[in-house]
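The values are calculated or read from the model by the stated rules, or taken from the named source; none is laboratory data. These numbers come from a predicted model, not from an experiment. Every residue, glycine among them, receives a Cβ derived from its backbone with ideal geometry; neighbour counts consider all protein chains shown. Keep in mind that these areas ignore ligands, DNA and RNA; they rest on the heavy atoms of the full protein, side chains included. Shrake-Rupley method; radii C 1.70, N 1.55, O 1.52, S 1.80 Å.
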Amino acid sequence: MAGGGDYYSTLGVTRSASADEIKKAYRRKARQLHPDQNKDNPSAEAEFKQVNEAYDVLKDQEKKSLYDRVGHETYKSAAASGGAQGFSQHGAQFSSGFTDVFEDLFGDIMGGGRRGRTSNRGSDLRFDVTLDLEDAYAGVRKRISVPTSITCDSCHGHGTSSGASPQVCPTCSGAGKVRAQQGFFAIERTCHTCGGSGQIISDPCRICNGAGRLNRERKLDVDIPAGVETGSRIRLSGKGQAGLRGGEAGDLYVFVNIREHEIFLRDGQNLACTIPVSMTVAALGGDVEVPTISGGRSKIKVPAGSQSGKRFRMSGKGMPSIRNIRNNGDLYVELFVETPSNLSDEQKELLRKFEELSNAKTQRRQRSGGTFKGFWEDIKS
């Protein structure tokens with residue numbers, strides 16, 4: 001399991017963890033639990049969603065502060081009672097914001113609170129996109145299809161068939177709530193006349209039934225910058241769910257996941273790969289071609305007598321910085337000396353002669369009377 005109890009244990013961090021520690025823990029968990037990497041694990045998708053839910057709260061200072069004050073169960077209950085909309089389709093995962101819920105439940109505690117329902121703003125949406133490492137290196141424009149709500153063209157979002165704006169509810173005077181006094185206590189309830197919207201429509205639009213919006217799939221082109229990592233977030237202002245009856249549209253948040261590469265391993269801006277070399281090149285030295293993430297090839301000079309595990313640093317051949325694409329990381333190359341196989345009789349005979357001519361000077365591991373002292377010295381270093 002990704003973790004249980006609260007959002008901190010889900011990410012595997014302590015309550016005193018810094019924002020950077022939380023971010024690193026999230027990236028590690030996201031890579032570990034992403035469904036693309038766990039096709040044989042039926043619980044991976046649910047755990048992946050738990051990790052994203054936890055990070056969505058803990059990365060936001062205001063949400064985190066509220067979460068720490070009210071506790072896990074109260075926070076979850078508040079989110080659930082607000083009717084937060086969430087659904088998954090075609091690999092896309094969406095979740096609505098909880099702002100209205102927390103203001104309704106905790107407004108008085110936090111020293112403010114709203115007077116009635118002041119906004120018909122649409123919900124924020126989330127879309128997960130998975131990229132190849134090459135796309136993350138170069139940057140890419142990605143077309144996505146987002147199931148969402150769009151403004152009704154027939155009534156232009158007003159919700160009325162005449163095109164006029166809705167009228168203010170006479171029962172709650174547009175507040176969306178009515179207050180009843182019971183002894184020492186004043187109780188607020190959602191207005192039964194307008195359903196909490198603060199508006200009434202006498203001639204609802206026949207296309208959207210007065211909502212001012214319709215459920216549709218919207219196609220968008222998203223420019224993903226070079227250097228993005230798993231967990232990177234791109235905000236598209238106003239591309240979320242359309243507002244109710246002409247209200248402001250929400251935002252769309254695109255979360256990026258990077259697929260594992262068959263050659264390169266990534267650590268921030270740096271890349272690493274293992275390159276096989278023949279036994280003769282390792283012994284005699286020579287030039288070896290190394291693939292780069294840009295699609296090209298570079299050469300490294302292998303010194304004579306190189307062993308498996310020898311490393312080379314190729315400056316500037318790593319990933320670009322998302323803030324400065326000219327500031328690339330490095331590529332670290334590790335050698336793997338291949339033992340020849342499927343030898344001919346002539347090749348075998350030559351190797352036997354080579355073995356006869358070998359001595360302690362040519363066989364590094366056979367020094368010190370055949371012990372592995374040199375090996376352990378290398379390990380310690």
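In table form, for the structure just shown:
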quantity: Filter result (open to solvent by 30 Å² or more (accessible area, probe 1.4 Å) and among the aliphatic types (A, V, I, L, M)) within segment 231-248; calculated: L236, L244
quantity: The lone exception for E248 - which of (1) touching a Cys at 6+ places or on another chain (Cβ under 6 Å); (2) at pLDDT below 90 it fails; calculated: (1)
quantity: Residue among A249, A283 that alone is within 30 Å of S154 (Cβ to Cβ) and of a type outside the set (D, E, K, R); calculated: A249
quantity: Yes/no for I258 being aliphatic (A, V, I, L, M), within 18 Å of the chain's Cα centre (by Cα) and open to solvent by less than 70 Å² (accessible area, probe 1.4 Å); calculated: yes
quantity: E73 touching a Gly at 6+ places or on another chain (Cβ under 9 Å), more than 22 Å from D251 (Cα to Cα) and either open to solvent by less than 30 Å² (accessible area, probe 1.4 Å) or at pLDDT 75 or above (or both); calculated: no
quantity: Subset of segment 153-171 [part of a loop (DSSP other than H, G, I, E, B) and open to solvent by 10 Å² or more (accessible area, probe 1.4 Å)]; calculated: D153, S154, H156, H158, S161, S162, G163, A164, S165, P166, P170, T171
quantity: Checking A249 against (1) in a loop (DSSP other than H, G, I, E, B); (2) in contact with a Pro (Cβ under 9 Å, 6 or more places away or on another chain); (3) touching a residue at least 60 places away in the same chain (Cβ under 8 Å); (4) more than 30 Å from K317 (Cα to Cα), the condition it does not meet; calculated: (2)
quantity: Total residues in segment 255-296, condition under 24 Å from D223 (Cα atoms) and in a strand (DSSP E or B); calculated: 8
quantity: Residue match in segment 195-213 (condition: touching a residue at least 24 places away in the same chain (Cβ under 8 Å) and exposed (fewer than 12 other Cβ atoms within 10 Å of the Cβ)); calculated: yes
quantity: Residue tally, condition in a helix (DSSP H, G or I), touching a residue at least 24 places away in the same chain (Cβ under 8 Å), of a type in the set (A, V, I, L, M, F, W, C) and open to solvent by less than 20 Å² (accessible area, probe 1.4 Å), over segment 1-55; calculated: 7
quantity: Set I322, I379, I293: member being modelled with pLDDT of 90 or more and either of a type in the set (A, V, I, L, M) or touching an Asp or Glu at 6+ places or on another chain (Cβ under 8 Å) (or both); calculated: I293
